[in-house]
1. Out of the residues in region B:42-55 that are more than 22 Å from residue B:344 (Cα to Cα) and in contact (Cβ under 8 Å) with a residue 60 or more places away in the chain, state the one that is farthest from the other protein chains (Cβ to nearest Cβ).
2. Is it the case that some residue within region B:371-380 is at pLDDT 95 or above, touching a helix residue (DSSP H, G or I) at 6+ places or on another chain (Cβ under 7 Å) and either in a strand (DSSP E or B) or not assigned by TED's automatic domain parsing to the domain that holds residue B:43 (or both)?
3. Out of all the residues in region A:149-201, which are touching a helix residue (DSSP H, G or I) at 6+ places or on another chain (Cβ under 6 Å) and acidic (Asp, Glu)?
4. If a residue has to be under 22 Å from residue A:31 (Cβ atoms) and touching a Gly at 6+ places or on another chain (Cβ under 6 Å) to count, how many in region A:381-398 make the cut?
5. Provide a single number: the residues in region A:381-398 that are within 23 Å of residue A:23 (Cβ to Cβ) and in a loop (DSSP other than H, G, I, E, B).
6. Can you spot a residue in region A:66-76 that is assigned to a strand (DSSP E or B) and surrounded by 15 or more Cβ atoms within 10 Å (Cβ to Cβ)?
7. Given the residues B:375, B:313, which is the only one that is surrounded by fewer than 18 Cβ atoms within 10 Å (Cβ to Cβ), among the charged types (D, E, K, R) and within 30 Å of residue A:329 (Cβ to Cβ)?
8. Among the numbered criteria (1) at pLDDT 95 or above; (2) in contact with a helix residue (DSSP H, G or I) (Cβ under 6 Å, 6 or more places away or on another chain), which single criterion is violated by residue B:8?
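The values are calculated or read from the model by the stated rules, or taken from the named source; none is laboratory data. Not measured: the values here are computed from a predicted model. With ideal geometry, Cβ positions are generated from the backbone for all residues, glycine too; neighbour counts draw on all protein chains shown.
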Number of protein chains: 2
Amino acid sequence: MMADLLITNVRPHGGALTSILVQSGRIAAFGVAEGQGRAVFDGAGRLAIPGLVEAHAHLDKTLYGMPWYVNTVGPRLIDKIDNERACKRSLGIDAQRQSARQVALTVGHGTTHIRTHVDVDTECGVSSIEGVMATREAHADHVDMQIVAFPQSGLLRRPGTLELMDAAMRLGADAVGGIDPCSMDRDPKGHLDAVFGLAQRYGKGVDIHLHEPGEMGAFSMDLIIERARALGMRQQSVVISHAFCLGMPDIAAADALMAELAAAEIAIMTTGAPSRPVPPLQRARAAGVVVGTGSDGIRDTWGPYGNGDLLERAMFLGLRNNLRKDSEIELALDVCTHGGAAMMGLSDYGLAVGKPADLVLLEGPCVAEAVMSRRADRITFKRGVLTARAGAALFSVP
Amino acid sequence: MMADLLITNVRPHGGALTSILVQSGRIAAFGVAEGQGRAVFDGAGRLAIPGLVEAHAHLDKTLYGMPWYVNTVGPRLIDKIDNERACKRSLGIDAQRQSARQVALTVGHGTTHIRTHVDVDTECGVSSIEGVMATREAHADHVDMQIVAFPQSGLLRRPGTLELMDAAMRLGADAVGGIDPCSMDRDPKGHLDAVFGLAQRYGKGVDIHLHEPGEMGAFSMDLIIERARALGMRQQSVVISHAFCLGMPDIAAADALMAELAAAEIAIMTTGAPSRPVPPLQRARAAGVVVGTGSDGIRDTWGPYGNGDLLERAMFLGLRNNLRKDSEIELALDVCTHGGAAMMGLSDYGLAVGKPADLVLLEGPCVAEAVMSRRADRITFKRGVLTARAGAALFSVP
């Protein structure tokens, strides 16, 4: 049995100084005095926030820790997809090794939960799924991980992929992924029936990449909502990632879609991409839509950006959505914590008695300042055990 | 007379290892061997790039180094302008002290040149101009600075401002500022005639904040081009900052405007703002428009963002413009160096024999990687003298 730990001198969400008693890896009480021979960790006046939630990653294919990749890839989506499939072999992008590296990187920044999409295609088969599963097991004490089987190269257009997706679900993937039902497979009904069919067979949720813009994306979204409703899939078991169509100029149409998403309990994920239309964050939240966020791919063959820091993501969300007030920056950070947790369907989350002691201590006078300064000096606990200090994970990876 | 300095083991722009001989503060030669009793600075294999150019700052009103400002300001532009004018007194935002702090911050990141807009209005008069001028003099060895007299609160709508702008030019401001001729002063002809009139009287250039979107902004831009042509103002002596209208949906109209800007030798400045339409960077450069960039306001009463790091700005430009290839990231960085220098009309700039030894040494295998990693470990020289190491200026400020 784990010894008790008392984390003293911390300010939950920037509030008054208190202490957090951790028993058996969970928050047992706030405001407990030292004594009774308990181990003490002095928070030294730091802010305490719940663990950061990386709700959309691609752990299997980051190049982080590998030699710099000089990107000369063409401009079309299919250029990037085809190039990546080829690079996995030519560069030796090992899913197990690379996912472990990104786990260490992002836990170093304060992450305690990850949802990762993992490629399933006719070249890598389910080997990337197996690699990331090995990482999940190796780091089970450091991070909770959900794995989405992701048909990056298309589901129907490359025969054999659907069978591999089925195999990935048999292996234990947590959700069925999908991508651009109109523009990728050019058969929205076929694509979505396949995705939802798999989900029904395995009793899992879905998480669909929807980059399609404007009215085309809205059509695909409508088809997703229709299926979620018909199948009675509620409570964020259906997630639409990116959802660029919600950033379309026709705000009335976007509002109507967001009202439907909220009613159907379908969540969205947005990275706040600066170069694309994106869901309007405050409007989506006001409509009652659950919103999570994530890094998307970092330092991969698609592009060189990203570092797995969810505080930086909060800044990006703020910049993209023109958030300026402290209360608005707090909302952006909330998307990186509670929003992502809700999107992932996690009920066991938050700075509250009874919840796992998954938390991050940050320097700074208040939450908004901490987001803006993004100091490396962060202290991360997973179920009451230290996992990272000073921006670096306290465990090693290949 | 300054002693010679040989900076060894550096890779200019990521090229082959060489050395840079500095004599009397200028680059005298590349590839010179050690010896002759010269002082040596070992670059240890680092990249060398020309000094970063902060081509659009507001040094007089950052809150950097002051207590955290809890932002509760309203959503309209005028809310922010009115709030700021009031805060200058209530918070004690001293232009001299604050500008010095931002100088140290940004030089710490590798900046060697700054153009700053400085507020002129009926409440602060020209006191902010005087404060920033004192900072410019105090830090003349650390950074070259241009000062734009900036009518933030409007030029015509607040009587007395034009006379103060005249006084600022008499004090030695380097350019006449302006702001949103239609939407701020509601008299585009009157506003621009006043701005260009002052510029003619003092033989200086202009740098106009143009946030106006779409067709309204295009109209104002057209009026600016008309005046620049009529007055024979060439060679980037006219700058249009932000130029959001160039991001309008009508790409053909934007292309026509950019062709006119290029022909008239009018430069633009873009920060790559994620929440607004922005000039399309690659299209603007391809059209022959000179483009600089800058931090705009950092950590002020307008908003909490920004840190004065031009490498981060290169990343923002890349994200906003969907730049992914190494060559595209190099273009983004070029906007932060040569682009800004050209926008500011600096001929004495660049990593070339005869130019001042204003340069930054960066760790990393190549330029694109250095932009993405943005390590604190940077070494900055101004006219051959070290001004910053490890992310911090080597001089002190209040």
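1. Per the stated criteria, the residue is B:43.
2. Checked region B:371-380: at least one residue is at pLDDT 95 or above, touching a helix residue (DSSP H, G or I) at 6+ places or on another chain (Cβ under 7 Å) and either in a strand (DSSP E or B) or not assigned by TED's automatic domain parsing to the domain that holds residue B:43 (or both).
3. A:185
4. Count: 2.
5. Applying the first criterion (within 23 Å of residue A:23 (Cβ to Cβ)) to region A:381-398 yields A:381-389, A:394.
From what's left, in a loop (DSSP other than H, G, I, E, B): A:383-384, A:394.
Summing the residues that are within 23 Å of residue A:23 (Cβ to Cβ) and in a loop (DSSP other than H, G, I, E, B) in region A:381-398 gives 3.
6. Within region A:66-76, not a single residue is assigned to a strand (DSSP E or B) and surrounded by 15 or more Cβ atoms within 10 Å (Cβ to Cβ).
7. When all the criteria are applied, what remains is B:375.
8. Of (1) at pLDDT 95 or above; (2) in contact with a helix residue (DSSP H, G or I) (Cβ under 6 Å, 6 or more places away or on another chain), only one is false for residue B:8: (2).
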